[in-house]
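Chemist: Pasting a structure below so you can have a look.
The values are calculated or read from the model by the stated rules, or taken from the named source; none is laboratory data. Just so it is clear, the structure is predicted and the values come from calculations on it, not from any experiment. As a convention, Cβ positions derive from the backbone with ideal geometry for all residues, glycine included, and neighbour counts pool all protein chains shown.
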Amino acid sequence: MTPPRSTDVFVVGGGPAGLAAAIAARRRGFDVTVADCSAPPIDKACGEGIMPDGVAAARSLGIELEAGEARRFAGIRFCEANAGTSTSVQAVFPNGYGIGMRRTTLHAIMASHASEAGVRLAWRTPVNGIRDEGVISDGSFTRARWIIGADGSHSRVRRWAGLDASQRSSRRFGFRRHYRVEPWSDLMEIHWGPACQLYITPVASQEICVALISRDPHLRLNDALRHFPEVAGRVRHRERPASEERGGITASRRLRAVYRGRVALVGDASGSVDAVTGEGLCLLFQQSAALAAALDAGELSSYQAAHRRIGRRPEFMANLMLLLDQRQRLRRRVIGAMASHPPLFAGMLAMHVGELSSVRFLTNGAALGWRMLTS
């Protein structure tokens, strides 16, 4: 589809963030156009797990994620390997369930939903620039009242709008591969190693996603698996993985501002938290709903405030998890303490998915945790 001569909302980027923003704006009655130089289904290296708060946030936009092949998971398990021994702790979500699904499946569901909602989808349409009055795409100009940048962590819209300034930024490297093996657990597993983590997510009845995150851009899954013999034993006997290894960068970045004039940013274009939290999709669904409300009100300052509020808990959890990544001895003591007192881990998980405030968790759990760590 060729972009129209005019539209209420022009979304640059047709990944999950752009589609969520388009669906949310369309639900508010706006005429919406999405342009992307790619075509569905669009893939991305990620852990492919969606937490219960993300499932609920998608449902609030009318998106039912289980419309395609998917697998529910009931909670999280931490596994720490140490000199041939391992310590693990697990907890189920206090409410709801997570969903594991291939990124291509997620994108196909969202693209179909956007089309059914009446969003104009201009695939294979590169965007060349923005102006005060609209967007230049594929050699043509479209007048737009609002412009939304949903074009990822290297957003050109962010640069064009002068919104690149950030308060802090860090990055790590992720690689992902699928294996044809029946999930051995109804939990998402995070395996902690000396310099990396492995994320095991069930994504279908006979398939799992294995994702690696580390600070080493040269570390790949085959080498990393040597540090995780339990996982290696389950997947290495497979003659051929179900997908090729795919890599990307996971970043923690907070922008000074997520809008200027009539341009707003959403998803990774608007900043991000490290993938260790598993909250990337939840964030973009919640941001999209908040942005649509601001568009409906005719001003974007409320979106700035909502964006900060939405990101506060995931940022806190990302900082906590990255601290554990960097301090191996501390991590072993923390996981050991949680294994000795599982309600401590259950409380952290409840806080992680928004069922328990950080203040209440710290008040109820920190004193006990500190005594256990220092005993």
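Chemist: Would you mind finding the one in ALA122, ALA83 that is within 30 Å of ASP164 (Cβ to Cβ) and either modelled with pLDDT under 95 or touching a Pro at 6+ places or on another chain (Cβ under 6 Å) (or both)? Give the derivation first.
Modeler: Values: ALA83 fails: within 30 Å of ASP164 (Cβ to Cβ).
One residue alone meets the criteria, ALA122.
Chemist: If you don't mind, another one. What tally of residues in the range 41-64 results from selecting those that are assigned to a strand (DSSP E or B) and of a type in the set (D, E, K, R)?
Modeler: Of all residues in the range 41-64, those assigned to a strand (DSSP E or B) come to 49-50.
Still in the list and also of a type in the set (D, E, K, R): none.
Total satisfying the criteria: 0.
Chemist: Moving to a separate point now. Given the criteria in contact (Cβ under 8 Å) with a residue 60 or more places away in the chain, part of a helix (DSSP H, G or I) and outside the structural domain of ALA17 (by TED's automatic domain parsing), does ARG331 qualify?
Modeler: When the stated conditions are applied, ARG331 passes them.
Chemist: When GLY100 is evaluated against the numbered criteria (1) more than 21 Å from the chain's Cα centre (by Cα); (2) surrounded by 15 or more Cβ atoms within 10 Å (Cβ to Cβ); (3) not aliphatic (A, V, I, L, M), which criterion, by number, is the only one it fails?
Modeler: Unmet condition: (1).
Chemist: Something else now. Of the conditions (1) of a type in the set (A, V, I, L, M, F, W, C); (2) under 19 Å from ALA20 (Cα atoms); (3) modelled with pLDDT under 95, ALA114 clears all except one; give me its number.
Modeler: So the condition that ALA114 fails would be (3).
Chemist: Regarding SER214, is this residue within 22 Å of the chain's Cα centre (by Cα), among the small types (Gly, Ala, Ser) and modelled with pLDDT of 90 or more?
Modeler: So SER214 fits the description; yes.
Chemist: Given the range 68-179, what strands (runs of 3 or more DSSP E) lie entirely inside it while holding 1 or more residues that are touching a helix residue (DSSP H, G or I) at 6+ places or on another chain (Cβ under 7 Å)? Before you say what the answer is, go through the steps one by one.
Modeler: On the way: elements: 71-73, 75-82, 85-92, 98-100, 120-122, 127-131, 134-137, 140-149, 166-179.
Filter on the range 68-179 gives 75-82, 85-92, 98-100, 120-122, 127-131, 140-149, 166-179.
Chemist: Is the range 203-226 home to any residue that is touching a Gly at 6+ places or on another chain (Cβ under 7 Å), over 25 Å from THR104 (Cα atoms) and either assigned to a loop (DSSP other than H, G, I, E, B) or in contact (Cβ under 8 Å) with a residue 60 or more places away in the chain (or both)?
Modeler: No, every residue in the range 203-226 fails to be touching a Gly at 6+ places or on another chain (Cβ under 7 Å), over 25 Å from THR104 (Cα atoms) and either assigned to a loop (DSSP other than H, G, I, E, B) or in contact (Cβ under 8 Å) with a residue 60 or more places away in the chain (or both).
Chemist: Now for a separate question. Could you figure out which of (1) over 30 Å from GLU66 (Cβ atoms); (2) in contact with an Asp or Glu (Cβ under 6 Å, 6 or more places away or on another chain) isn't true of GLN206?
Modeler: (1)
Chemist: Answer yes or no as to whether SER38 is within 27 Å of ARG145 (Cα to Cα), in a loop (DSSP other than H, G, I, E, B) and more than 13 Å from the chain's Cα centre (by Cα).
Modeler: Numbers: within 27 Å of ARG145 (Cα to Cα): yes; in a loop (DSSP other than H, G, I, E, B): yes; more than 13 Å from the chain's Cα centre (by Cα): yes.
So SER38 passes the test.
Chemist: Can you tell me which residue within the range 156-200, out of those that are among the hydroxyl-bearing types (Ser, Thr, Tyr) and closer than 30 Å to ILE136 by Cβ, is surrounded by the most Cβ atoms within 10 Å (Cβ to Cβ)? So that I can check it myself, show each step before the final result.
Modeler: As a first pass, look at the range 156-200 and keep what is among the hydroxyl-bearing types (Ser, Thr, Tyr): 166, 169-170, 179, 185, 199.
From what's left, closer than 30 Å to ILE136 by Cβ: 166, 169.
On the way: SER166: 14, SER169: 12.
Of everything passing the filter in the range 156-200, SER166 is surrounded by the most Cβ atoms within 10 Å (Cβ to Cβ).
Chemist: Is it the case, given these coordinates, that ALA117 is under 21 Å from ILE200 (Cα atoms) and either among the aromatic types (Phe, Trp, Tyr) or in contact (Cβ under 8 Å) with a residue 12 or more places away in the chain (or both)?
Modeler: So ALA117 does not fit the description; no.
Chemist: For the range 268-312, what are the residues that are part of a loop (DSSP other than H, G, I, E, B), more than 20 Å from GLY15 (Cα to Cα) and in contact with a Phe, Trp or Tyr (Cβ under 9 Å, 6 or more places away or on another chain)?
Modeler: Of the range 268-312, the ones part of a loop (DSSP other than H, G, I, E, B) are 273-274, 278-279, 298-300.
Now drop any that are not more than 20 Å from GLY15 (Cα to Cα), which leaves 298-300.
Hit for the range 268-312 is LEU300, nothing else.
Chemist: Out of curiosity, is LEU281 within 17 Å of the chain's Cα centre (by Cα) and surrounded by 24 or more Cβ atoms within 10 Å (Cβ to Cβ)?
Modeler: Details: within 17 Å of the chain's Cα centre (by Cα): yes; surrounded by 24 or more Cβ atoms within 10 Å (Cβ to Cβ): yes.
Answer is yes for this residue.
Chemist: How many residues, within the range 182-200, are of a type outside the set (Gly, Ala, Ser) and in a loop (DSSP other than H, G, I, E, B)? It would help to see each step written out before you state the result.
Modeler: Applying the first criterion (of a type outside the set (Gly, Ala, Ser)) to the range 182-200 yields 182-184, 186-192, 194, 196-200.
Okay, now just the ones that are also in a loop (DSSP other than H, G, I, E, B), so 182-184, 186, 194.
Here the count works out to 5.
Chemist: Which members of the range 354-372 meet the condition of being in contact with a Lys or Arg (Cβ under 9 Å, 6 or more places away or on another chain) and modelled with pLDDT of 55 or more? Spell out how you get there, then give the answer.
Modeler: Within the range 354-372, the subset in contact with a Lys or Arg (Cβ under 9 Å, 6 or more places away or on another chain) is 354, 357-358, 372.
Once the filter is applied, which keeps residues that are in contact with a Lys or Arg (Cβ under 9 Å, 6 or more places away or on another chain) and modelled with pLDDT of 55 or more, the range 354-372 yields GLY354, SER357, SER358.
Chemist: Could you list all residues from the range 201-228 that are buried (at least 23 other Cβ atoms within 10 Å of the Cβ) and more than 17 Å from ILE190 (Cα to Cα)?
Modeler: Result: no residue meets the conditions.
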